[in-house]
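Student: Dropping the structure in here first, questions after.
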Ligand SMILES: [Zn+2]
């Protein structure tokens with residue numbers, strides 16, 4: 001294993017630590033860290049149950065820590081963009097379409113993820129939002145710059161956490177397949193969020209879990 005490989009694994013282990021914290025808090029175990037100049041500058045874990053907010057995925061938690069801090073430090077929008085363009089995210093599960101969109105718009109440099117997200121993955125599984133260009137066809141929804149993305153880092157560890165969580169039974173899961181009301185005038189981003197409301201109650205790597213279990 002070369003140096004950059006072992007460094008990737010070292011940082012993914014820190015993301016797994018965050019996922020374990022989520023597990024301890026009875027949240028879907030997904031965790032992440034954000035790295036700048038080789039240093040972890042933020043971390044996050046899934047907090048959807050605690051916050052009763054389906055959008056509080058690990059990535060959003062970690063990003064918001066930085067946004068708040070940089071805003072407090074008086075950084076301009078372009079300085080914030082510059083910062084993100086030098087940041088790398090390590091997350092245990094492929095970012096969903098909502099998070100991948102957000103990361104692309106923020107202009108994050110690179111993402112490493114563990115297991116794939118067969119149902120809602122935004123980095124190749126369902127959509128490939130990391131490949132988007134800055135050009136928005138209708139000038140309505142910014143598509144972002146896209147980012148370099150590599151999956152499969154410690155994937156089996158990430159899946160094992162999810163599988164353990166779902167085998168124990170998710171005590172917070174409501175009845176599945178509940179209808180999600182979607183108004184016709186919602187914009188695209190809101191539709192993505194509406195999808196996530198449903199997504200959060202399901203294992204992000206459910207298919208993979210089932211494959212491994214059976
Ligand atoms: Zn997400």
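None of the figures in this text is laboratory data; all of them are computed from the coordinates on show. Remember, predicted model here, so these are calculated numbers, not experimental data. So basically every Cβ, Gly included, is an ideal-geometry build from the backbone, and we count neighbours across all protein chains shown.
Student: How far apart, in nm, are the 7 Å Cα→Cβ label points at residue 131 and residue 6?
Tutor: Placing both labels 7 Å along Cα→Cβ, they lie 3.5 nm apart.
Student: Under the rule a/c < 1.5 gives rounded, and otherwise a/b versus b/c splits prolate from oblate, where does the range 1-102 land using the Cα gyration tensor?
Tutor: oblate
Student: Let me ask something else about it. For the range 13-70, what class follows from the C-alpha gyration tensor (a ≥ b ≥ c being the square roots of its eigenvalues): rounded when a/c is under 1.5, otherwise prolate if a/b is larger than b/c, else oblate?
Tutor: Note, shape of the range 13-70 comes out oblate.
Student: In nm, give the distance between the simple-model label positions of residue 69 and residue 50, each being 7 Å from the Cα along the Cα-to-Cβ direction.
Tutor: Each label point is offset 7 Å from its Cα along the Cβ direction, giving 1.7 nm.
Student: Would you please give the FRET efficiency between residue 20 and residue 85, computed as 1/(1 + (r/R0)^6) with r the Cβ-Cβ distance and R0 = 25 Å, to the nearest 0.05?
Tutor: With a Förster radius of 25 Å, E is 0.25.
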